[in-house]
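One structure is given below, encoded as structure tokens.
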Ligand code: G6P
């Protein structure tokens, strides 16, 4: 699919609005303090290229307390933090109290957990009065405020691209005000099946499904997400579904197209960043003894990433194969995330507990002085890429994952060549197939054995598997992900950005 940057004088009238909770900037923990910088996360890295176009506005949510000091404590960005000279960002202020309920309590504590099947410890445990209140006073209220901000903006709008689980009600709220404007909603995380959706109240799932059906196109990461959404519409709304065309009939008589757009990465940007001095310096810092093999993981500290079971599997590997102690090292690049939420803090502590236990049991390598598990709590992308390029194993054992772009980034940059271990419950597994070593996310023993098999795998076989995954990624890039959505929404137009920020890689 050819894509071409457009000049402003070629652009059709009206703006394309991207709407997401997260704007381009976030606070990251760097050099022992919180600093506002480009946000991590798959969503931002994928939206940014589109937001560079002169006819695109990026509406995002910010928390606006009366007192800015309060915002620093809760590490939510303010409108001023989001302004970016290269991007047409329009921050939508939401009062701090509403924001916390919408983002923290409902989007992250309930929807994120449910959609990753995290029910119970480190997940969604129960719906109490606080969460019921947060649904009305936070989630629905924030969505209404976002809708109002777009309605009163009085911009001529050519299309609306709404992102993710924070904004399910938004298409329906906007529809009456923009009856003929094409609206797309894309969900970046897994969409649950009807039995899972039954774990939230009937009225809530109705808002979610009817909200999405306000769009013309409902975009999902995988076929299985699409199937789940169609089934849920049929079962909970009694909607007519045309399975062959993958369309759902909305209550107002519109056919809504439900489509797959698998998220991807930007190989050209990655290849360029790999040439940078920062990556060279990081590679030198990370240089390992030639006899030491490495297992690497790069992810936000999030229960959905399933770090605890990944480390337990590594511990089991060292028990199974004692001759590997000192000859293999785990390098974990863990990015602190959603640290204002107690469930994330407790999870982080539990992750640290497992790491400490392994390091006490297996100690440091006598020659290199490196710990059995070495942790890097920084959002240093160049360093993570340098490690990905040189690892024997990339472990991506998420409990569940919309896609997992780190696997795709690894496929572009891996030199060693490495082997990737992927959960069958990650969207990317549908693309790697058996060229990855597929594991079940709760299976500690199976994951340990997959690690052993990967370490034993001859280079020739590693290279063949890597090459097949790599060609898939080179074929379906982030640019094509965007183009496919725009083409579906605005047939006849085929366009993406001019240039990408070459310093970015995504961490979902
Ligand atoms: C995933 C979600 C995004 C989210 C990102 C980071 O990629 O799909 O919507 O922005 O994680 O999470 P955060 O809560 O920090 O925005």
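What follows draws every value from the coordinates through simple rules; no lab data is involved. Everything numeric in this text was worked out from a predicted model, so none of it was measured. Here the Cβ is made from the backbone with ideal geometry for all residues, glycine too, and neighbour counts use every protein chain on show.
Here are a few things to note about the model shown:
- Relative to the compact-globule estimate of 2.2 N^0.38 Å, the Cα radius of gyration of segment 159-267 comes out at 1.00.
- Neighbour-count order for 401, 242, fewest beta carbons within 10 angstrom listed first: 242, 401
- Its relative contact order, with pairs defined as Cα atoms under 8 Å and 6+ residues apart, puts the chain at 17 percent.
- Axis of helix 223-232 versus longest Cα principal axis of the chain: the two differ by about 40°, to the nearest ten degrees.
- Prolate/oblate/rounded label for segment 267-475 (Cα gyration tensor, a/c 1.5): rounded
- Note on residue 277 and residue 345: the extension gain reaches 21.0 nm, defined as 0.36 nm multiplied by sequence separation minus the Cα-Cα distance.
- Cα-derived Rg to Rh of segment 250-294, Kirkwood definition: 1.45
- In terms of its C-alpha gyration tensor, segment 323-414 has an oblate overall shape, because the principal axis ratio a/c (a ≥ b ≥ c, square roots of the eigenvalues) is not below 1.5 and a/b does not outweigh b/c.
- Compactness ratio for segment 11-260: Cα radius of gyration over 2.2 N^0.38 Å (N = residue count) comes to 0.99.
- Using C-alpha pairs under 8 Å with a sequence gap of at least 6, the mean separation divided by the residue count of segment 267-475 gives a relative contact order of 25 percent.
- Between helix 459-475 and the chain: long-axis angle, C-alpha atoms, 0 to 90°, nearest 10: 10 degrees
- Percent antiparallel among DSSP beta bridges (both partners in segment 11-260, rounded to 5): 30 percent
- Value of relative contact order over segment 11-260, rounded to a whole percent, pairs C-alpha under 8 Å and six or more apart: 16 percent
- All C-alpha to C-alpha distances of segment 67-211, sorted into 5 Å bins beginning at zero, yield P(r) values of 2, 8, 17, 21, 20, 16, 11, 5, 1, 0 percent in whole numbers.
- Approximate shape of the chain as ellipsoid semi-axes (Cα gyration tensor, √5λ), whole Å, largest first: 37, 25, 23
- Neighbour-count order for 391, 233, fewest beta carbons within 10 angstrom listed first: 233, 391
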